[in-house]
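J.: Below: one structure in structure tokens.
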Amino acid sequence: MEMRNSPALAGIALACLLWTGGARAEKRPVVIDDVLSMSSFGAVSLSPDGRYAAWERQGPFDQGPRFDRDWRSAWSSGVLFVADLDAGKAPAPIDGGATGLLLGPWSPDGRRLIVYRLVGEIAEAGIADVRTRQVQWTGLAPDLPLNGAGAGWIDAERFVLSVRTDGRTPWQLRFQTPGAEVMAERWRKSRQGQAPSRQILDTHDAAVSADEAYEVQTLMTVRADDGVGTRGLTASIRDFQISPDGGWTAVLTQAEATPLRPEERNVQSAVLRRGRLLLVETATGQTVALEDDLDVAPNLLRWSANSREVVVWARRDGQTWGEGGLVRISTEGAIRPVDTGGLEPREKGRTIDELRAARADWVGEHLMIYARRPDSDRFDWWRLDPDGPVAVTQRLASVPDRLTSVGEVSARLVADGRLWDLSSGAIEPVGGTESGLRSAEPVNLLDTVRSRSNSAARAWSPLFQDDRLTAVRNDGSTIWRARRDCIGEARVRAAAGERALMTCDVEGVSTLTAADRAGARVLEVLNGDFENLQLARPIPVPHLDRLGRPVTSYLYRPPGVEAADIRGVIVDFYPGRADAGRWTDALSLRSGMQARVLAMGEYAVFSTSTTPEGESRRAEMLDDLVIGLNRAIDAGAAAAPDLPWSRLGLFGHSFGGYSALGVAA
């Protein structure tokens, strides 16, 4: 039949389109109750061979059993799911769908998972068999530290667990406990004559200490088949890491208070106690003690591939962190300082603290460190050779602070849109890799600061190429490439066995997908009703900052509200940062004061881009911020003159709150 294209047919088609568009119900603006009813994906992981996917589905915030643990309140409603991706089976819940479950690490053979359950104020560790989805509970109370490891596998049959022998609430949950509850408990003990309701803080030689005893933990070696544990080291444990062969455990303990030094910037996350390292042999339980005055920094415990040495950042008692450096420590207890040529692992004016680690890794027998020369602001990856450090990445325009993958003799890095080989000491592009690549490093909010700072070994890398997820081998060859990209914000959540798990967040709808050679499989979709709801959307407002550089602020208008009915303009202010509205998942919308959430009160919200604090002298910072803020607001008023700029409120959180008060004053 001959196809005809006439004005009449075109008119009919246009009428149909207009009719369908008119027939669709308009999207309802999101209100705060919608946000509180959202579910979210918590931790997501793959077994080491990539066969099994496991994830936390955290229920609606407003249906949780309690609300006093900030964003961790959602943990109490978490259900664990597992899917056999090889068999193509539907996801099924672990432990019969019990709530309050959290994911721990996988066994090396991928048959078992360490899991945790929360019951009231108590947590308990268990071993889940992913084939039967049953859990063997151990009766052991895990510590769940924020910055250090809480569990690690020795082999497929045994694991090490940091246990609170007092049975108290894990640290990550007590961290959010309201002060009123703590005071009430102290008054109760005082009333019953058990202990005085007081806390004494003291300083001696610039070291801050309290009269409360240090908390201690016990490392238990647990059998996976029956959950029975054997007692090991008892100490105030900050972190631990098991060697690749399972023969040793490097344990970082906390000792006496550390004197604050005037030469180093004092920050709220400063390291306040000495770090002492112990090496524990798995076979005998014997401990190799090191020299008494070696103070080891948190967040770097990196074993060599042959399990003979662990590298740390350390100093001697009495030194600053800047006077310390990388140290190689053997399983015999030998200490070998590494010549870094005076390289600095932190920005000018900053030092190592509880949240900022030295970033270093092994490439064969060599070490690499992310650092800068003392007289420079530029960071590079340096290979630490016997003849001195070599800046391997100096030819790159931008240098990321994470290596993409590390093998026994190789290291890879994604920068300037390409994959690079850093192994030989001279950076070279890998194979025929195309341009447009960017890192897709897996995100796990339960990972320790150390794990997020220093890469794990991997034979391939999940990368984004032109926003499409791609699996690339270390030789540069492509294993597979996703057929579609995420139209919202994509995050790789896990990668193993040539598979990747990714979440895609689009205006509140969250989708978890498994991707591999066979294509993509949707595992679960959360908050599907948000397809019919409307969040405030960011409107870019370009302008110049205080120094004359082009920047972008973002304006959010409350959807469905006429300009005349908008109640005012809230200026959302944090120096050096503007909210571009990237993240619309439940956790992001519920954490802090988000611009999209503020707009739900029928306010316009203007998230401003200004210079960061580091670009001003401290005495002049507030004056500089006033100049930058005025420029941003003038640009916003010019871009949206119909808004009520005469009814303007200034809002900031954390350092932004301090800055907002200073600017207003």
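J.: Which order, highest average first, do 457-468, 615-626 follow once you tally other Cβ atoms within 10 Å for each residue and take the mean per peptide? Mind dumping the intermediate values first?
T.: Values: 457-468: 18.6, 615-626: 14.1.
The densest-packed peptide leads the list: 457-468, 615-626.
J.: Which order do the peptides 50-61, 321-332, 248-259 take when ranked by the mean count of other beta-carbon atoms within 10 Å per residue, highest first? Intermediate values should be presented prior to the final figure.
T.: Values: 50-61: 22.1, 321-332: 18.3, 248-259: 20.5.
Top of the packing list down: 50-61, 248-259, 321-332.
J.: Now for a different question. Can you give the three extents of the C-alpha atoms in region 453-517 along their principal axes, from longest to shortest, in whole Å?
T.: Computed over the Cα atoms, the extents are 37, 28, 18 Å.
J.: Something else: What's the long-distance tail for region 267-415, i.e. % of Cα pairs beyond 20 Å?
T.: 50
J.: Ordering Trp583, Trp362 from largest to smallest accessible area (1.4 angstrom probe), what's the sequence?
T.: Numbers: Trp583 80, Trp362 10 Å².
Sorted by accessible area, descending: Trp583, Trp362.
J.: Quick one: grab the alpha carbon gyration tensor of region 70-120, order the square roots of its eigenvalues as a ≥ b ≥ c, and give me rounded if a/c is under 1.5, else prolate or oblate depending on whether a/b is larger than b/c. Provide the component values of the computation, followed by the final result.
T.: Details: a/c = 2.50, a/b = 1.67, b/c = 1.50.
Taking the square roots of the gyration eigenvalues as a ≥ b ≥ c, region 70-120 is prolate.
J.: In addition: With everything on Cα atoms, drop me the angle between helix 621-639 and the longest principal axis of the chain, reported from 0 to 90° to the nearest 10.
T.: For helix 621-639, the angle is close to 30 degrees.
J.: Rank by packing, highest mean first: peptides 35-47, 113-125, with packing defined as the count of other Cβ atoms within 10 Å averaged across residues. Working shown, then result.
T.: Numbers: 35-47: 22.4, 113-125: 19.8.
So the peptides 35-47, 113-125, ranked by packing, come out 35-47, 113-125.
J.: Heavy atoms only, probe 1.4 Å: what % of the accessible area of the chain goes to carbon and sulfur, would you let me know?
T.: Details: 15760 of 31160 Å².
Of the solvent-accessible surface of the chain, carbon and sulfur hold 51 percent.
J.: Please give the helix 7-23 orientation as an angle from the longest Cα principal axis of the chain, in degrees from 0 to 90, rounded to the nearest 10.
T.: Orientation of helix 7-23: about 60 degrees from the principal axis.
J.: With a 1.4 Å probe and all protein chains kept in place, how do His204, His543 rank by accessible area, largest first? Write out the running numbers ahead of the final one.
T.: On the way: His204 135, His543 20 Å².
Descending accessible area places them as His204, His543.
J.: Still on this structure, please answer the following. Two-decimal Rg/Rh of region 276-341 from alpha-carbon positions, Kirkwood Rh? Walk me through the intermediate numbers first.
T.: Numbers: Rg = 12.0 Å, Rh = 12.4 Å.
Ratio of gyration radius to Kirkwood radius: 0.97.
J.: Work from the charge dipole of the chain (Cβ charges, +1 for Lys and Arg, -1 for Asp and Glu, about the Cα centre) and give the residue of Ala638, Tyr214, Gly229 farthest towards its positive end.
T.: Positive-end residue among those listed: Ala638.
J.: For a test of the definition: using alpha carbon positions, the gyration tensor, and the 1.5 limit on a/c, classify region 205-258 as rounded, prolate or oblate.
T.: On the way: a/c = 4.94, a/b = 2.01, b/c = 2.46.
Oblate.
J.: With charges set only on the Cβ (+1 for Lys and Arg, -1 for Asp and Glu), what does the dipole of the chain come to about its Cα centre, in debye to the nearest 20? Mind showing how you got there, number by number?
T.: Numbers: 78 positive and 89 negative charges, 172 e Å.
That gives a dipole near 820 debye.
J.: Now a separate question. List the GluC sites (Glu not before Pro) within region 515-566 that fall in a DSSP loop (any state other than H, G, I, E or B) and whose Cβ has at most 16 other Cβ atoms within 10 Å.
T.: Working: sites: Glu524, Glu531, Glu562; in loops: Glu562.
Counting only loop positions with at most 16 other Cβ atoms within 10 Å, the GluC sites (Glu not before Pro) in region 515-566 are Glu562.
J.: Right, here's the next one. Using alpha-carbon positions, what is the distance between the centroids of region 330-389 and region 391-418, in Å?
T.: Their Cα centres are 15 Å away from one another.
J.: Still on this structure: With an 8 Å cut-off on Cα pairs and a minimum separation of 6 or more residues, tell me the relative contact order of the chain in percent.
T.: 8
J.: So how compact is region 579-665: Cα radius of gyration and Dmax in angstrom?
T.: Spelled out, the Cα radius of gyration and Dmax of region 579-665 are 14.0, 39 Å.
J.: Also, quick follow-up: Over all distinct alpha-carbon pairs, what is the Kirkwood Rh of region 224-346 in angstrom? Write down the numbers at each step before the final one.
T.: Values: mean 1/r = 0.0644 Å⁻¹.
That comes to 15.5 Å for region 224-346.
J.: Sum up the charges of everything whose Cβ sits under 11 Å from the Cβ of Gln319, counting Lys and Arg as +1 and Asp and Glu as -1, but leave Gln319 out. Mind dumping the intermediate values first?
T.: Details: positive: Arg261, Arg315, Arg316; negative: Glu263, Glu264, Asp293, Asp295, Asp317, Glu323.
In short, -3.
J.: Using only the Cα atoms, what convex hull volume per residue in Å³ does region 38-164 have?
T.: Considering the Cα atoms of region 38-164, their hull volume per residue is 109 Å³.
J.: Counting each DSSP H run of 4 or more residues in the chain as -39500 (n - 2.57), what helix-only mean residue ellipticity at 222 nm follows after dividing by all residues, to the nearest 500 deg cm²/dmol?
T.: Working: 9 runs with 82 residues, N = 665.
Roughly -3500 deg cm²/dmol at 222 nm, from the helical runs in the chain.
J.: With a 1.4 Å probe and all protein chains left in place, how much accessible area per residue does the chain have, in Å²?
T.: Numbers: 31160 Å² over 665 residues.
Here the residues of the chain average 47 Å² of exposed surface.
J.: For region 147-264, what is the convex hull (Cα atoms) projected area averaged across all directions, in square nanometres?
T.: Over every viewing direction, the Cα hull of region 147-264 projects on average to 10.7 nm².
J.: Report, to two decimal places, the Cα Rg of region 353-458 normalised by 2.2 N^0.38 Å (N = number of residues).
T.: Details: Rg = 13.6 Å, N = 106, 2.2 N^0.38 = 12.9 Å.
That ratio works out to 1.05.
J.: With the cut-off at 1.5 for a/c, could you classify region 97-143 from its C-alpha gyration tensor as rounded, prolate or oblate? Spell out each step's value before the answer.
T.: On the way: a/c = 2.24, a/b = 1.64, b/c = 1.37.
Verdict is prolate for region 97-143.
J.: Scale the Cα Rg of region 111-208 by the rule-of-thumb value 2.2 N^0.38 Å and send over the ratio, two decimals. Show your work: numbers first, answer last.
T.: Numbers: Rg = 18.2 Å, N = 98, 2.2 N^0.38 = 12.6 Å.
Cα Rg divided by the expected 2.2 N^0.38 Å: 1.44.
J.: To continue, here is another question. Calculate, axis by axis, the spread of Cα positions in region 487-600 along the three principal axes, and write the results as whole Å, longest axis first.
T.: Here the Cα extents, ordered largest to smallest, are 51, 37, 22 Å.
J.: Show me the chymotrypsin sites (Phe, Trp or Tyr not before Pro) within region 118-203 that DSSP assigns to loop and that have at most 14 other Cβ atoms within 10 Å of their Cβ.
T.: Phe175
J.: By how many degrees, 0 to 90 and rounded to 10, does the Cα axis of helix 179-191 deviate from the longest principal axis of the chain?
T.: For 179-191 against the chain, the angle is about 40 degrees.
J.: Here's something else I'd like to know. Treating the chain as a set of equal point scatterers at the Cα positions, no solvent, please give the Debye-formula log₁₀ I(q)/I(0) at q = 0.06, 0.10 Å⁻¹.
T.: Taken in order of the listed q values, log10 I(q)/I(0) reads -0.39, -1.14.
J.: Okay, moving on. So for region 250-299, what percent of the C-alpha to C-alpha distances run longer than 13 Å? Kindly include the intermediate steps, with their values, before the conclusion.
T.: Details: 767 of 1225 pairs.
Tail of P(r) above 13 Å: 63 percent of Cα pairs.
J.: Return the ratio Rg/(2.2 N^0.38 Å) for region 385-543, where Rg is computed over Cα atoms only. Mind dumping the intermediate values first?
T.: Working: Rg = 17.7 Å, N = 159, 2.2 N^0.38 = 15.1 Å.
In units of the 2.2 N^0.38 Å rule of thumb, it is 1.17.
J.: Quick one: putting +1 on the C-beta of Lys and Arg, -1 on the C-beta of Asp and Glu, what dipole do you get for region 227-287 around its Cα centre, in Debye to the nearest 20?
T.: Details: 7 positive and 6 negative charges, 45 e Å.
The calculated dipole for region 227-287 is roughly 220 debye.
The values are calculated or read from the model by the stated rules, or taken from the named source; none is laboratory data. The shown structure was predicted, so the numbers you read here are calculated from the model rather than taken from an experiment. Counting neighbours? That spans all protein chains shown, and the Cβs are built from the backbone with ideal geometry, glycine included. With ligands, DNA and RNA removed, areas are computed over all heavy atoms of the protein, side chains included. Shrake-Rupley method; radii C 1.70, N 1.55, O 1.52, S 1.80 Å.
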